[in-house]
Amino acid sequence: MKKWLQFLVLITSISATSALLASGGFSDNSQQAMPAVANAKWKTECSGCHMLYHPGLLPERSWHKMMAGLDKHFGENASLDDASRDEIARFLALNSADKQDNRRSNRINQSIPAAATPLRISETRYFTSKHDEIAASTFKRKSIGSAANCVACHQAAEKGDFSESQIRIPR
Amino acid sequence: MRNAYLFLALFFSQQAMAESVNTLLKKYELLAKQENAAFVGFAADKGERFFHAERLHSDGKNVSCATCHTADPRKPGKTRANKVIEAMAISVNPQRFSDEAKVEKWFGRNCKDVLERACTAQEKGDFIAYLLSIK
């Protein structure tokens, strides 16, 4: 019995790993999707309180401003030691919307006036134009919380994939 | 035979976890003695009260540690951004309090968010004692 259980766990983890590997790149329309990016510090430090936001969702100046004010981050204290903060800030800048060449990042970037430095993706014109048919009450559902919780509706949001085949609005 | 190894590995990793919680408590004990010469020890019941104590934040909202970590530390909690927080009770989640840098980082943030000041070593030790005591 126990042996069976171990076997099952092994098989499940092997198949989960291969599924992950298979989906490791990005989906079909590659110049539209954001590229896969990775930084271990960013992944642990920026996913404790919410989903991981792809750096290609905001321009460099936005990330720069956000990383300079982590002690007052949307009403919470998200401060880091200096070394971690600088490493993450560099990573975000390097992969930001104005340093990327994919259609999504370009569109987000173009929707932000040159004089503006938004800290929220959910307040950019690109975002509001894509979600104008969704009622405010939908975003407030218990299963969602707010517009900032992209991953509640976009299953592959953390990979920067917002394609329509990956959308499901929870009740 | 394999099962025996598996069991041993599991056993030692849990021992190692328990070890690191105790090392951490020892550190807080030393600090608590520096803060207060009359320090007598950590108490789970004080930690329990601390965990649940609601405080009026200057932003006008009532907050406590239980706001995000839920009133029952054996259950998963939720952040303000709606992300699940794994349970805090060590019996349910042995990863808790095993990484000193992580513990200090979150005490640093959450104490300031809830109490608008840093936690004392006494409060940290009581808090951990409470979460260790839950079966």
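Taken together, the values in this text are just the output of simple stated rules run on the coordinates, not laboratory data. All values derive from a computational prediction rather than experimental measurement. Counting neighbours? That spans all protein chains shown, and the Cβs are built from the backbone with ideal geometry, glycine included.
Could you list A:Thr128, A:Thr138 so that the one with the fewest beta carbons within 10 Å of its beta carbon is first and the one with the most is last?
With the fewest neighbours first, A:Thr128, A:Thr138 line up as A:Thr128, A:Thr138.
R0 = 30 Å: FRET efficiency of B:Ala43 with A:Arg171, Cβ-based, nearest 0.05?
In this case the efficiency is close to 0.10.
Sort A:Tyr126, B:Tyr28 by Cβ crowding within 10 Å, fewest neighbours at the top.
If I rank by nearby Cβ atoms, fewest first, I get A:Tyr126, B:Tyr28.
Only counting other Cβ atoms within 10 Å, I'd like A:His54, B:His52 sorted with the fewest neighbours first.
The order, fewest Cβ neighbours first, is B:His52, A:His54.
Looking at this model, which pairs from A:Lys159/B:Lys105; A:Lys140/B:Lys27; A:Lys72/B:Lys27; A:Lys159/B:Lys61; A:Lys159/B:Lys135 are more than 32 angstrom apart at the alpha-carbon?
Cα-Cα > 32 Å for A:Lys140/B:Lys27; A:Lys159/B:Lys61; A:Lys159/B:Lys135; rest within.
Just check segment B:2-133 against the gyration tensor rule for me: Cα atoms, a ≥ b ≥ c as the square roots of the eigenvalues, rounded for a/c under 1.5, and otherwise prolate or oblate depending on whether a/b exceeds b/c.
Since a/c reaches 1.5 but b/c is at least a/b, the shape of segment B:2-133 is classed as oblate.
Quick one: if the Förster radius is 41 Å, what FRET efficiency do A:Glu123 and B:Ala53 give, using the C-beta to C-beta distance and rounding to 0.05?
0.70
For peptide B:81-87, what's the mean number of Cβ atoms from other chains within 10 Å of each residue's Cβ?
Mean partner shielding for this stretch: 5.
For labels at A:Arg103 and A:Ser137 in the simple 7 Å Cα→Cβ model, what's the distance in nm?
For A:Arg103 paired with A:Ser137, the spin-label model returns 3.4 nm.
How would you order A:92-101, A:38-47, A:55-64 from highest to lowest mean count of nearby Cβ atoms within 10 Å?
A:55-64, A:92-101, A:38-47
Tell me, what is the percent relative contact order of segment B:43-135, built from C-alpha pairs under 8 Å that lie six or more residues apart?
Relative contact order, segment B:43-135: 36 percent.
Name every cysteine in chain B that ends up alone, with no second cysteine's Cβ under 4.7 Å, or say none.
Unpaired cysteines in chain B: B:Cys65, B:Cys68.
When a/c reaches 1.5 or more, the comparison of a/b and b/c decides; with that in mind, is segment A:54-150 rounded, prolate or oblate per its Cα gyration tensor?
oblate
Using the Cβ atoms and a cut-off under 15 Å, what net charge is assigned to the surroundings of B:Phe51, where Lys and Arg are +1 and Asp and Glu are -1?
Neighbour charge sum, excluding B:Phe51 itself: 0.
Based on alpha-carbon centroids, what's the gap between segment A:38-95 and segment B:53-72 in Å, whole number please?
Computed from Cα coordinates, the inter-centre distance equals 26 Å.
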